[in-house]
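Down below is the structure, laid out as structure tokens.
Please treat every number below as a calculation from the coordinates, not as lab data. Predicted, not measured: the structure shown is a model, and the values here were computed from it. No Cβ is skipped: glycine too gets one built from the backbone with ideal geometry, and neighbour counts run over all protein chains shown.
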Amino acid sequence: MSSAPAEQHVASDETDGLPRRGFLKRLSALGAVISAGLVSVPVIRAILSPASQAAGTGEWVKVADDTALLDIGVPIRVNFVQTVQDSWIETRTLNGVWLYTDDGEKFKAYNGHCTHLGCSYFYDKERKNFFCPCHRGQFDVKTGAVLAGPPPRPLDELDVEVRDAVVFVKYKDFRLGVPERIET
Ligand code: FES
């Protein structure tokens, strides 16, 4: 007489446990699928888009709307925001170039970072050359050559293209503090 409730109790546990175990299995499977997805998305993205890490470097940047409006013999600095996408992280950096022409037809463009330690340099109107205030480096405006101070190499010259009087520069960065010009 007394065994009937016990059997009923055991039977009740099994019927309650089956749906619970099933639910836990499905939950665990769902977690595995989500984890696999989170891992695979950046991997697939890296495989499909290997160039994404270099995005932002080597791009043509518009630096002047009209060549006729540029001063002859006086360089101008043009600043712009460069966006670099590295997998999930987007970084924005303020960069700049110096643009120079002495005839309005041929143009020189220099990376705006001093080749010594990367400080921004400016145009010294009195001396008519570029001057870096960090360690008193000086550069020739027409050639980018080092005139004084510790910079180990000339300014980093960039490619320039004029399309319908609009000036574009192919922006690149280079390793700092070394005599060789090594793209980064
Ligand atoms: S960073 Fe320009 S001279 Fe040192």
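Table for the structure above
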| read-out | value |
| --- | --- |
| R0 of 25 Å, Cβ-Cβ distance GLU161-THR91: FRET efficiency to nearest 0.05 | 0.45 |
| Peptides 61-73, 115-127, 150-162 ordered by average Cβ neighbours within 10 Å, highest first | 150-162, 115-127, 61-73 |
| Residues with amide H under 5 Å from that of VAL61, placed H, sequence gap 5 or more | VAL169, LYS170, TYR171 |
| Spatially proximal lysines relative to LYS106 (Cα-Cα < 25 Å; intrachain offsets below 8 disregarded) | LYS62, LYS125, LYS128, LYS142, LYS170, LYS172 |
| Within segment 152-183, backbone nitrogen closer than 19 Å to the virtual label 7 Å beyond the Cα of ALA68 toward Cβ | 162-168 |
